[in-house]
1. Let me know the shape class of region 38-114, please: from the alpha-carbon gyration tensor, a ≥ b ≥ c as square roots of the eigenvalues, rounded when a/c is under 1.5, otherwise prolate if a/b is greater than b/c, or oblate.
2. Taking the Cα atoms only, what angle lies between the long axis of helix 60-77 and the longest principal axis of the chain, rounded to 10 degrees?
3. Could you check the simple spin-label distance between residue 95 and residue 59, using points 7 Å along Cα→Cβ, in nm with one decimal?
4. Looking at the square roots a ≥ b ≥ c of the eigenvalues of the Cα gyration tensor of region 1-50, which shape do they give, rounded for a/c under 1.5, prolate if a/b is larger than b/c, or oblate?
5. Which cysteines in the chain lack any other cysteine whose Cβ sits under 4.7 Å from their own Cβ?
6. Percent of accessible area on the chain owned by carbon and sulfur, 1.4 Å probe?
7. In a shell of Cβ-Cβ distance under 15 Å around residue 59, excluding residue 59 itself, what net charge do Lys and Arg (+1) and Asp and Glu (-1) give?
8. Over region 3-105, give the accessible area per residue in Å² for a 1.4 Å probe, as an integer.
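The values are calculated or read from the model by the stated rules, or taken from the named source; none is laboratory data. The structure presented is a predicted model; accordingly, all values stated were derived computationally and were not measured. Backbone-built Cβ (ideal geometry, glycine too); neighbour counts: all protein chains shown. Calculation scope for accessible area: heavy atoms of the full protein, side chains included, ligands and nucleic acids excluded. Shrake-Rupley method; radii C 1.70, N 1.55, O 1.52, S 1.80 Å.
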Amino acid sequence: MSGNDCIFCAITSGAIPAEIVESTDTIVAFRDIAPKADVHVLIVPREHHANVVDLAAANPALLADMAAMAGRVADAQCNGEFRWVFNTGPRAGQSVFHVHGHLLGGSELPWGDA
Ligand code: 5GP
Ligand code: ZN
């Protein structure tokens, strides 16, 4: 699934709106529509890959650039402290099959101290 079929391709291309936090030529960070923490930002590459494993195999430098963006966003919004979650597969909770890292920060983090 990609292009017109993919909600995150639509957001990263600007075809549908989102609350953008930071964007570069290759990556867009935007707020999750249903936040589960004080800070809940999705770090999404413009390239379509189904999940983080596929992305890491196809373009590891892009995954490294996503980590750098996560660090910048967290520095600005939650003192540089955050969780970065990649749900991978439907039984792990993945519902959008365009790779995205959930940046979670602030005082109320889900999953306790896990
Ligand atoms: P997943 O369940 O695949 O790990 O995460 C998908 C995330 O995308 C969910 O947390 C969901 O709230 C978010 N999401 C789904 N559709 C939209 C949308 O149209 N806009 C934004 N900003 N977030 C979305
Ligand atoms: Zn996509």
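1. oblate
2. Approximately 40 degrees, to the nearest ten.
3. 2.6 nm
4. Details: a/c = 1.84, a/b = 1.53, b/c = 1.20.
Since a/c reaches 1.5 and a/b is larger than b/c, the shape of region 1-50 is classed as prolate.
5. Lone cysteines by the Cβ rule: 78.
6. 53 percent
7. On the way: positive: 46; negative: 25, 47, 54, 65.
Result for the local shell: -3.
8. I get 51 Å² per residue for this part.
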